[in-house]
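Right, one structure below, let's go through it.
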Amino acid sequence: MRIYCGKDYEGASRIAANIISAQVIMKPDCVLGLATGSTPIGTYEQLIKWYEKGDLDFSAVHSINLDEYRGLKPDNDQSYRYFMNTHLFDSINIDKKNTFVPDGTEPDADKACKDYDEIIRSHGGIDLQVLGLGHNGHIGFNEPADSFCKGTQCVKLAESTISANARFFASADEVPKEAYTMGIGSIMQAKKVIVIVSGEGKAEIVKKAFLGPVTPQVPASILQLHNDVILVGDEAALAEYYKAV
Ligand code: F6R
């Protein structure tokens, strides 16, 4: 695993954006696996700046997002489709037809998951997967569990995830209780993975995920077995990791 440390959130975001840019420049028709959440916002802002300067061209890029709340329509301002449109897609020249987010409006969970796996398969997998890290070690919405899930699944969100995400909703009661998420198997099949972490709130889980035992109780720990993982963080998020190595 390679680790890059930025001084602060902005520094880490710039490093992450550089890595994504390199991917887009080296392979203009690449498949990017994308994440939502607060962490990648700075990275996306930086990518937009470089696009506006004329340094990046997303016209041939395809993107496949990690997850979506079950039951939210794309125009709901808390849906992950809405997040991606407003934080990235609306501001770059990616063709929206080439951007994929699980269909939160599909009530048939089996169908939603199978359809998404077929989208991933038909794209030949993911070239670069961007990940954030949940406080409980989740990646995508793959919550701590007894086993690693291979394909897309419908998950019940952990209470800790619901309370962490309540900041985006009027109250915790309004946070959807279920989500569709890309499986750990698909994430592990990505050719390259970049995990972005920021803030002291992530310091303990970063240490646990990347130095602790590989266990489905800490889903991100499986990334220790991936042969091309880049961890990008700010000093605060990487502090406990560095103390332990
Ligand atoms: C989002 C996602 C989640 C987040 C994680 C961290 O698409 O899949 O796993 O990456 O919950 O969220 P933030 O960045 O808000 O701390």
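Any read-out appearing in this document is the output of simple, stated calculations on the displayed coordinates, not a laboratory observation. Everything quoted here is computed from the prediction, not taken from an experiment. Cβ placement follows ideal geometry from the backbone for every residue including glycine, while neighbour counts extend to all protein chains displayed.
With contacts defined as alpha carbon pairs under 8 Å and 6 or more residues apart, what's the relative contact order of the chain in percent?
Numbers: 510 pairs, mean separation 60.9, N = 245.
Relative contact order, the chain: 25 percent.
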Net charge over other residues, Cβ less than 9 angstrom from the Cβ of Ser198 (K, R count +1; D, E count -1): -1
For region 83-221, Kirkwood radius (reciprocal of mean inverse C-alpha pair distance, Å): 16.2
Proxy reagent accessibility, fewest Cβ within 10 Å first, across Asp103, Asp234: Asp103, Asp234
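At 25 °C and 0.890 mPa s, grab the translational diffusion coefficient of region 9-104 from Stokes-Einstein with a Kirkwood Rh over Cα pairs, rounded to a whole number in µm² per second.
182
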If the convex hull is drawn through the Cα atoms of region 81-151, its volume per residue in Å³: 133
Alpha-carbon radius of gyration plus Dmax, which is the widest Cα pair, for the chain in Å: 16.7, 47
Net charge dipole size for region 1-139 [Lys, Arg +1 and Asp, Glu -1 on Cβ; Debye, nearest 20]: 360
Region 27-74: trypsin sites (Lys or Arg not before Pro) falling in loop per DSSP and having at most 13 other Cβ within 10 Å: Lys53
Helix runs (DSSP H) in the chain reaching 15 Å along axis by Cα, Kyte-Doolittle at least 0.5: 9-26
Dipole axis of region 20-164 (+1 Lys, Arg; -1 Asp, Glu on Cβ), positive-most option in Thr99, Leu133, Val24: Val24
Estimated 222 nm signal from helices in the chain, with DSSP H stretches of n ≥ 4 weighted -39500 (n - 2.57), rounded to 500: -10000 deg cm²/dmol
Proxy reagent accessibility, fewest Cβ within 10 Å first, across Arg167, Arg121, Arg81, Arg14: Arg167, Arg121, Arg14, Arg81
